[in-house]
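First up is the structure itself, then whatever we jot down about it.
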Amino acid sequence: MARTVIDPAAVEAQVTRIAVMNKQQLRELWRTMHKADPPRAFGPDLLRRSLAYKVQENAFGGHSAEVRRELAGLVKRMRANPTAKIELPRRIGAGAVLVREWKGKVHRVTVVEGGFLHEGQTYESLSEIANQITGTRWNGPRFFGLRAGKRTSISDEPSPPLKPIRGRGRPRGSGKSQSDTRPRART
């Protein structure tokens, strides 16, 4: 069977044309490519993204059978229990070494089958190791720089505890009005 030669420049040119199409042109291209009307909820931006993906998928191929099976399994689990948390597969492979400096000491963690190796001991999670290193609770992947946090950098000290937010109006549960709790002026 002869193999089709793909011209990446032609694919890029087609994606570039899609980027400047108006909504009517996008909907017509969708009908041509999918042999069906586009979803009514799709605005121009989502149509552009979907069509550009379809062009590239047609040219270079879609997801592998393994990825399609994994995605189908995730969808099936979400349908069975929509409120459940889905654990995504670990993206770092065995043999990877994570390095983190903490208070002047460099810590190396090696990813092994079934866990993480740190200073000769195997742990089930990075959070256990982060706790061992710092003495405080940390999100392990965030501590080792695998996940972005709210802050752009990781400091050597945990965040200070948040101050309680003071409510407005009179204090609850005291049985006194606000005027009863204020100091009285002498007359």
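The values are calculated or read from the model by the stated rules, or taken from the named source; none is laboratory data. These numbers come from a predicted model, not from an experiment. Note that we place each Cβ from the backbone using ideal geometry, even for glycine, and neighbour counts take in every protein chain shown.
For this structure, a couple of remarks:
- Test: residue in the range 112-119 that is of a type in the set (Val, Ile, Thr) and within 14 Å of residue 92 (Cα to Cα): yes
- Enumeration of residues in the range 52-70 that are exposed (fewer than 12 other Cβ atoms within 10 Å of the Cβ) and under 20 Å from residue 27 (Cα atoms): 57
- For residue 7: the one exception among (1) under 18 Å from residue 60 (Cβ atoms); (2) within 29 Å of the chain's Cα centre (by Cα): (2)
- Here residue 42 meets the list (1) closer than 30 Å to residue 24 by Cβ; (2) modelled with pLDDT under 90 almost entirely, failing just condition (2).
- Scanning the range 14-41 for residues that are without any contact (Cβ under 8 Å) to a residue 40 or more places away in the chain, within 16 Å of residue 53 (Cβ to Cβ) and in a helix (DSSP H, G or I) yields a total of 10.
- Lone qualifier among 23, 54 - being over 23 Å from residue 5 (Cα atoms) and either of a type in the set (D, E, K, R) or in contact with a Lys or Arg (Cβ under 6 Å, 6 or more places away or on another chain) (or both): 23
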